[in-house]
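The values are calculated or read from the model by the stated rules, or taken from the named source; none is laboratory data. Values in this document were obtained by computation on a predicted structure and should not be read as measured data. Positions of Cβ are generated from backbone atoms using ideal geometry, with glycine treated the same way; all protein chains shown enter the neighbour counts. These area figures cover heavy atoms from the full protein model, side chains too; ligands, DNA and RNA do not enter into them. Shrake-Rupley method; radii C 1.70, N 1.55, O 1.52, S 1.80 Å.
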Amino acid sequence: MKSADRSPLWWIPSLYFAEAIPYVAVMTISVIMYKRLDISNQDIALYTSWLYLPWVIKPFWSPFVDLVKTKRWWILVMQLLIGAGLAGVAFTVPTTHFFQLTLAVFWLVAFSSATHDVAADGFYMLALDSHEQSFYVGIRSTFYRIATIAGQGLLIMLAGMLETSTGSIPYAWTITFLVLAGLFVGLSLYHKYMLPVPASDKPVVAVTAASLFSEFLATFVSFFKKKQAVVAILFMLLYRFPEAQLVKMVSLFLLDPREQGGLGLLTEQVGFVYGTVGIVGLTLGGILGGMAAAYSGLKKWIWPMVLAITLPNAVFIYLSLVQPETLLVINTCVFVEQFGYGFGFTAYMLFLIYFSDGEHKTAHYAICTAFMALGMMLPGMVAGWLQEQLGYINFFWWVMGCCIVTLVVTAFIQVDPSFGRKERSKKE
């Protein structure tokens, strides 16, 4: 079967699975690995937050993905580089200076992953017509979620079982990252044969360096000239201010011994609690949030969504005070928090789409996601230091206090009441 005649189901699920896995490896798996290798909470939060940087600055090099080679070429090459980078992590874990070396390799993986995101999203739009893009958007989102579950759940559980069976934490994580590396080499080979070759997927050879820079500058200027640009940027940076701090510490809280204020879970238990139960809650909350916004519009649902993303953070105050030993209680609390986050995050993503609408919508959306990454990076950098100064109980109280910031920035944004709302007939 020729690639042009092959169903998109042969490549969309695997492409978006490949888009999610390196992000999870850099942002989540690294945190748990460093904790198991006895790195301090302060250093983990600070240095892994720096790994957001490639996603923050990707709008600055994304035009070159259009200018040089094809999107298909970029996808295949970046997947090979990601695979090589993950192998590099595996081989540097057992070394004396593993922290510095693995961080350097993780940064290269993050850079390759951010570039892969640009190429994959662009390829999706080139390989499919507008109807197909709408039809398959649910498939790509579903497999992105499946990859998140596989990364935060199954891979963490694998690492935990290897820790137990081998008796060596470095060796367990070496094997885990070698498995990931092999997966990406396999994905690159698979996509070499399965990705179609759209006629429109070609480098923009007519563009000169001067015209590229001029268009690039005009795109940025037009973004900052949009109505309510300052308020919108503050919203993008601060809506997730509490969550940006919380997300860096939750896995560490679950792993830390009880005498240090944590819950003392095993690695594989954390993989199940936060990487599986939590992701299910996140997914269900996101689905419900999308359905609510599609029916009544973002403006009607924005405040319920704000409360959903802030109030459930209180479950971690309860967990730190009570330190329950029952996994059912811990799973329930994490599910509630992640469900609320999934429901509330819908408002944030819809606002990015709303603000990006108009000329240069693709480039403007990339700039919005850069501010989104920056909003996660900066608070996360100090979260570990804060937790070590305050202890877990006071740190979680601090996070709840930071929810006021989310409420304040939301109060200033303006949204068209019709945005996102389903058109109804007169009978309805």
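Please report, ordered by residue number, every helix of the chain (full DSSP H runs) that is 20 Å or longer along its axis going by C-alpha atoms and whose mean Kyte-Doolittle hydropathy reaches 1.0.
Passing helices, by number: 71-92, 98-127, 169-194, 209-224, 241-255, 278-296, 327-356, 361-412.
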Legend entry - Listed residue pairs exceeding 23 Å between alpha carbons, taken from K71/K225; K227/K300; K71/K227; K35/K58; K58/K202; K71/K192: K71/K225; K71/K227; K35/K58
Legend entry - Residues of the chain: accessible area per residue with a 1.4 Å probe, Å²: 44 Å²
Inset, instruction - Over the chain, with every protein chain in place, what whole percent of the accessible area is carbon and sulfur at 1.4 Å, could you tell me? - result: 69 percent
Inset, instruction - Tell me the label-point distance for the pair M400, I353, using the 7 Å Cα-to-Cβ offset, in nm and rounded to one decimal. - result: 3.4 nm
Legend entry - Gain on full stretching of the segment that runs from S296 to V230 - 0.36 nm per residue minus C-alpha separation: 21.1 nm
Inset, instruction - Find the centroid of the Cα atoms in the stretch 263-308 and in the stretch 355-418, then give the distance between the two in whole Å. - result: 16 Å
Legend entry - Label zone at L407, where the point sits 7 Å out along the Cα-to-Cβ direction: the stretch 284-309 residues whose backbone N lies under 14 Å: 303-309
Inset, instruction - Just subtract the alpha-carbon distance of F91 and A199 from 0.36 nm times their residue separation and send over the number in nm, one decimal. - result: 34.8 nm
Legend entry - Among S113, S251, S200: highest mean-square fluctuation, GNM of the chain, C-alpha pairs under 10 Å: S200
Legend entry - Whole-Hz ³J(HN,Hα) from phi, Karplus 6.51 cos²θ - 1.76 cosθ + 1.60, for the stretch 33-40, glycine and proline x: 4, 5, 5, 5, 9, 6, 7, 5
Inset, instruction - Just grab the label-to-label distance for L390 and K192, each label 7 Å out from Cα along the Cβ direction, in nm (one decimal). - result: 5.1 nm
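Given +1 on the Cβ of Lys and Arg, -1 on the Cβ of Asp and Glu, and no further charges, what dipole in debye does the chain carry about its Cα centre, rounded to the nearest 20?
Working: 26 positive and 24 negative charges, 218 e Å.
Computed charge dipole of the chain: roughly 1040 debye.
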Inset, instruction - Name the residue farthest towards the positive end of the dipole of the chain from the options I309, L51, P196, assuming +1 on Cβ of Lys and Arg, -1 on Cβ of Asp and Glu, about the Cα centre. - result: P196
Legend entry - Gained length - L288 relative to L126, 0.36 nm times residue gap less alpha-carbon distance: 55.3 nm
